[in-house]
Every structure is written in structure tokens, then in C-alpha cells.
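The values are calculated or read from the model by the stated rules, or taken from the named source; none is laboratory data. Just so you know, these numbers come straight off a predicted model, no measurement behind them. Every residue, glycine as well, gets a Cβ built from its backbone with ideal geometry; the counts of neighbours run over all protein chains shown.
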Amino acid sequence: MSDSHLVLDAPGRAEIKVKGSRFVAEALPVDAISAAEDALQAIRKREYDATHHCSAWRIDPEGREFRWSDDGEPSNSAGQPIFRQIEGRELFGTIVVVTRYYGGTKLGTGGLIRAYGEAASMALDAARIREVIPRTRLTMRFAYEDTSPAMHLISQFDTVVTDTRYSNDTEIDVDVRNRDVEAFRAAFVEALSGRGSIEQA
């Protein structure tokens, strides 16, 4: 199982028309439930004359912070198909709001499911997505003569060096993937034969 996850990095927007009804979909990056609620309310206020504002969001990678709303449409005809588009792309930190302007022709439950799902899908396709890799910052301290094995160790892992300081000893702050922290610590001790120190920054 990967320790990384995908989030929206920039919003996306799309619009479709089905039998006279307009479906305007917006996919937005959010980092908390409160941000998702604020985004929904902002769209409601801006598109105040619309018939429905159906939505779905998924916030955290553990999957606990998610919700969908049909906003007056028949049960599970709007929010759930929107959510399935988010879930199908394995996205987190995402809200999609699909605003409907009713065009006078009823679409039926199947038609609504297709319309809301398609609009959400197009908005997500238009958004920019990025990968998030959870990391832990460690500080390595070692003598100058241990520079070579220390740098070789860094190159053996997926790491990001964030700072290097020189005094009596060398100190390097390095961001290590969460899944690799204990292995990196053990490899540091082995590479330097117990010299130096490594601790969480």
C-alpha cells in the first residue's frame, strides 16, 4: 500500500446541458471540513438563483472526513455520483459542487445520476492534481570525516535535504518518508558505525 495520496492542487470547472438543465460543476482543493463548508456556502451565495447545489467532499487520507448531499434532488441521484468521481480518482482534499439550473424537463433518477456524475468528472479532469508524500524531518549530526557515508546514506532513500549547518560537526536536516523513518535511523547507525546522532527535528 502506498504511503502517498493525491489532492487537488488547483480548481477545475465544467458545464454541461441536459434537456434544458444546466449543470455547472466546480472542483476545489480544501484541507478541512470547515473549508469545504465555506466553499459550498460561497457557491450558494454566488449562484443564489440556481435550483440545486449538490456536493461531495473527501478530506483526509484515512477516509473518515467525507460527505455528500443531494440538496433536494431524489435520494442518491446527485451527491453519491459526485462522490464516486472523487473516490474513483483516489482524491483527497477535494470538494466538488454541481449547481443545477432546472430547464423544465424532468430527467429521472438515472438521468440525474448520469448528469451529475458527468459534470463532476469533467470538472475534476480540468483540475490540477498533485501527489502528497507524508514525511518526517530528522536531524543528522556527524563529524566531517563521516561526510561520505552520511551523504551516501541520504542518496539511498527518498529524502529531501532541507538545511545543512557546519560548526564543530556537520548537521543536516532531512525529510524522510514516514514509512522509511525507522529504516533510515538504523541505516545511519550502521553506516557510521554508531558515531554521530540522529533525532527527530
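What the table below lists for this structure:
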read-out: Unique match (being of a type in the set (Gly, Ala, Ser) and out of contact with any strand residue (DSSP E or B) (no Cβ under 9 Å at 6 or more places or on another chain)) among Ala56, Ala10, Ala36, Ala42; value: Ala42
read-out: Selected residue (criterion: farthest from Val97 (Cα to Cα)) from residues of the stretch 15-58 that are part of a helix (DSSP H, G or I) and among the polar types (S, T, N, Q); value: Ser34
read-out: Any chance Ser193 is of a type in the set (Ser, Thr, Tyr), free of Cβ contacts under 8 Å to residues at least 40 places away in the same chain, in a helix (DSSP H, G or I) and out of contact with any Gly (no Cβ under 8 Å at 6 or more places or on another chain); value: no
read-out: Count - residues of the stretch 30-72 that are more than 20 Å from Ala115 (Cα to Cα) and of a type in the set (Val, Ile, Thr); value: 3
read-out: Long-range neighbours under 8 Å by Cβ, at least six apart or interchain, first residue in contact (Cβ under 8 Å) with a residue 24 or more places away in the chain and of a type in the set (Ser, Thr, Tyr) within the stretch 1-24, second surrounded by fewer than 18 Cβ atoms within 10 Å (Cβ to Cβ) and part of a strand (DSSP E or B); value: Ser4/Glu131; Ser4/Val132; Ser21/Tyr101
read-out: Subset of the stretch 49-99 that is touching a Phe, Trp or Tyr at 6+ places or on another chain (Cβ under 7 Å) and basic (Lys, Arg) - its residue that is farthest from Ile129 (Cα to Cα); value: Arg67
read-out: Matching entry among Ile172, Ile154 (being under 12 Å from Ala201 (Cβ atoms), modelled with pLDDT of 95 or more and either loosely packed, with under 14 Cβ neighbours inside 10 Å or of a type outside the set (S, T, N, Q) (or both)); value: Ile172
read-out: Scan of the stretch 73-90 for residues that are closer than 22 Å to Thr105 by Cα and either aromatic (Phe, Trp, Tyr) or out of contact with any strand residue (DSSP E or B) (no Cβ under 9 Å at 6 or more places or on another chain) (or both), ordered by number; value: Pro74, Ser75
read-out: Answer from Leu112, Leu192 - the residue that is in the same structural domain as Asp9 (by TED's automatic domain parsing) and in contact with a helix residue (DSSP H, G or I) (Cβ under 9 Å, 6 or more places away or on another chain); value: Leu112
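Each row is one residue, and each column tells you yes or no for (1) buried (at least 17 other Cβ atoms within 10 Å of the Cβ); (2) basic (Lys, Arg); (3) closer than 20 Å to Gly88 by Cα.
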{"position": "Asp9", "(1), (2), (3)": "no, no, yes"}
{"position": "Glu26", "(1), (2), (3)": "yes, no, yes"}
{"position": "Ala36", "(1), (2), (3)": "yes, no, yes"}
{"position": "Gln41", "(1), (2), (3)": "no, no, no"}
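A quick yes/no check of all residues on (1) touching an Asp or Glu at 6+ places or on another chain (Cβ under 7 Å); (2) surrounded by 18 or more Cβ atoms within 10 Å (Cβ to Cβ); (3) modelled with pLDDT of 95 or more:
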| site | (1), (2), (3) |
| --- | --- |
| Phe83 | no, yes, yes |
| Glu90 | no, no, no |
| Arg100 | no, yes, yes |
| Gly103 | no, no, no |
| Leu112 | yes, yes, yes |
| Ala115 | no, yes, yes |
| Ala127 | no, yes, yes |
| Pro134 | yes, no, no |
| Arg137 | yes, no, yes |
